[in-house]
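Accompanying notes for the structure given below.
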Amino acid sequence: MFNSVRGGQDGMVALYQKVYDELRGAIERGEYPVDTRLPSDVELTERHGVSAITVKKALDLLRVDGFISRRPRVGTIVISDAATTAPGHTLKQPLIGLVVTNFDDTFGTRILGGLLDRANASANLLIKRSLGDASAEDRLIRALVEGGVRALILQPSSSIYVPPAVLELLTKDFPVVILDRVFDGVPISTVCSDNIAAGQHAAEHLFSLGHEHIGLVSSDSTVSTLRDRRDGYVKAQAMHHIAHDEAKVFDLVHSTTPGSTATPAEDIDHLVGYLQTHPELTGIVATEYNIAAMLREAAGKLGRSVPDDLSIVCFDHPDAFYDRAQYRFTHIRQDQEGMGEAAVDVALGLVEDPRAMRKIALPTELVIGQSTRVLERVPS
């Protein structure tokens, strides 16, 4: 359990700050007179029931404020019973912890840009990356909270597994914002795209071009983002009175999942098999840009070109301002910068009022590229 947060206003106080306050009070009351030695770090760790890192940080703050000196083989000596310098540990802006699975030019980099731009004038960000490892994610969250963050923004590795650290924080009214994911049934603030509407929009674009036999290709990741895009794809079929065929859904792409050991070459071979099994498909919704790129290569191995023989709509696309030769897929563009900005705003709102929970789903837009075309009907 976290000892660093408690309910109410005390819930915002970091554990090292609590140790600092107790030691400073003892020095000011004369319990540790000037020129005497404080208990060892080990003794302080046991006495306060905290980690060695927490004790070290508290002592570092006492040293910065002029109460103690710390020297090897001498120990920690009280040199003043009053602060002799302006407190150096008080941040004018709250420190916000950020844990993401990963980021690249297709998704994540622009979110970081939005986070940093919004935080420039209102907060300090401490960023960690989990690479989709649930145990690492839990450790990173605990380390950030123990390190004194006032709020946490988390892009979790899964939407069906809530990190124990998050559940503990919620019981303490600690500000937590979930980014790009949704935890069903969990009362927690979230900032994401409207992925159901986005999935529906992607499929409806193919239908508008005359494609009736379309498929969906996704990774095996257990995140709500992909689930919602799939739900939107199914909804679009229902709106067009087309029966959903689960066999046309391929959700076993592995290499795009953070932490996976699978290779793109292996996934391309699997996608070749998928296309061979479903030669009737003329359009596909790919839930990620990298999946679309592998689909295009798989189609090429079968002598099928994109978009002449197969139209593809994907999500997100790397910017290519200077590379005009880069192949551009028709894609759903998320407001990644807006997601980052909103996450900071929600986190700061929770710092002010832990009960100010918000759920934000940002709209997306369809960007036409080279990978889709009108399906030409073969005369009967």
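We did not get these values from a lab; they are worked out from the coordinates using the rules stated. No experiment lies behind these values; they were computed from the predicted model shown. Cβ: placed from backbone, ideal geometry, glycine included. Neighbour counts: every protein chain shown.
The distance between label points at N120 and T222 comes to 4.0 nm (points 7 Å beyond Cα on the Cα→Cβ vector). When the Cα atoms of the stretch 137-281 are aligned to their principal axes, the ranges along those axes come out at 56, 35, 19 Å in descending order. For the listed peptides 129-136, 351-358, a ranking on the average number of other beta carbons within 10 Å per residue, highest first, reads 129-136, 351-358. Per-residue ellipticity at 222 nm computed for the chain from its helices equals -11500 deg cm²/dmol, with DSSP H segments shorter than 4 residues left out and the rest contributing -39,500 (n - 2.57). With a Förster radius of 30 Å applied to the C-beta separation of D41 and A83, the computed FRET efficiency comes to 0.85. P(r) tail, the stretch 195-334: Cα-Cα pairs separated by more than 24 Å, 25% of all pairs.
Once the C-beta distance of E297 and A52 is scaled by a Förster radius of 41 Å, the resulting FRET efficiency is 0.20 to the nearest 0.05.
In degrees between 0 and 90, to the nearest 10, how far off the longest principal axis of the chain does helix 15-28 point, with axes built from Cα atoms? Rounded to the nearest ten degrees, it is 10.
Taking the longest Cα principal axis of the chain as reference, the axis of helix 195-208 is set at about 20 degrees. Of the peptides 15-28, 236-249, 195-208, the ranking by mean beta-carbon count within 10 Å, highest at the top, reads 195-208, 15-28, 236-249.
Seen against the Cα atoms of the chain and their longest principal axis, helix 336-352 is set at about 30 degrees. Give the Debye-formula value of log10 I(q)/I(0) at each listed q (0.11, 0.13 Å⁻¹), with one equal scatterer per alpha carbon of the chain, two decimals each. Debye curve over Cα of the chain, log10 I(q)/I(0) at q = 0.11, 0.13 Å⁻¹: -0.81, -1.01. Taking every C-alpha pair closer than 8 Å and separated by at least 6 residues, the mean separation divided by the residue count of the stretch 195-334 gives a relative contact order of 26 percent.
Cross-link partners for K248 among the lysines, with Cα-Cα distance under 21 Å and sequence neighbours closer than 8 places in the same chain left out: K235, K301.
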